[in-house]
Amino acid sequence: MDSDIEILVEIVDTVAQVTLRGQVDFSNCHELRQLIDDQLDAGVSKFILDGKELNFIDSSCLGMLVAALRRIKEHQGRMIFVVNSHIERVLTVSGLNSLFEVEHTFMAAVEGIKS
């Protein structure tokens, strides 16, 4: 399986807007974890993970995202996960859909993170 991921980050009004494209799995989820840790260390505590262009996420990365969410909340922050239908199904099947704040569009996430 090809495990390429593209991660783009932009900081807008103290919010890390992270775009994810491709596949996030055991071989590359450390890149996303490091990005989140680095942003938390820099004082950023609000995250929008735009996963609309993800076509795969494995259980190791779901576990990493749960741990990242815990760290974000320890910093009084928030994370909104923008999902496509495939990623939403993975979250539902894994029972994690109630743990994450989920939106279906980037704009809804931008509005949601402001509240």
Matching residues in the range 69-115 - criterion: being of a type outside the set (Val, Ile, Thr), under 17 Å from residue 44 (Cβ atoms) and not in a helix (DSSP H, G or I): 75, 76, 77, 78, 79, 81, 101
Can you go through 91, 69, 62 and tell me which one is over 18 Å from residue 36 (Cα atoms) and within 13 Å of the chain's Cα centre (by Cα)? 91
With the structure loaded, tell me whether residue 48 is β-branched (Val, Ile, Thr), under 20 Å from residue 92 (Cβ atoms) and surrounded by 14 or more Cβ atoms within 10 Å (Cβ to Cβ) or whether it fails that test. no
Options 8, 65, 54: the member that is part of a strand (DSSP E or B), modelled with pLDDT of 95 or more and crowded, with 19+ Cβ neighbours inside 10 Å: 54
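Just to be sure, is residue 48 modelled with pLDDT of 95 or more, under 23 Å from residue 14 (Cβ atoms) and not in a helix (DSSP H, G or I)? Please lay out each step first, then the result.
Working: modelled with pLDDT of 95 or more: yes; under 23 Å from residue 14 (Cβ atoms): yes; not in a helix (DSSP H, G or I): yes.
When the stated conditions are applied, residue 48 passes them.
The values are calculated or read from the model by the stated rules, or taken from the named source; none is laboratory data. Note that the coordinates shown come from a computational prediction; the quantities given were computed from them, not determined experimentally. Don't worry about glycine lacking a Cβ; one is built from the backbone with ideal geometry, like all the others, and counts go over all protein chains shown.
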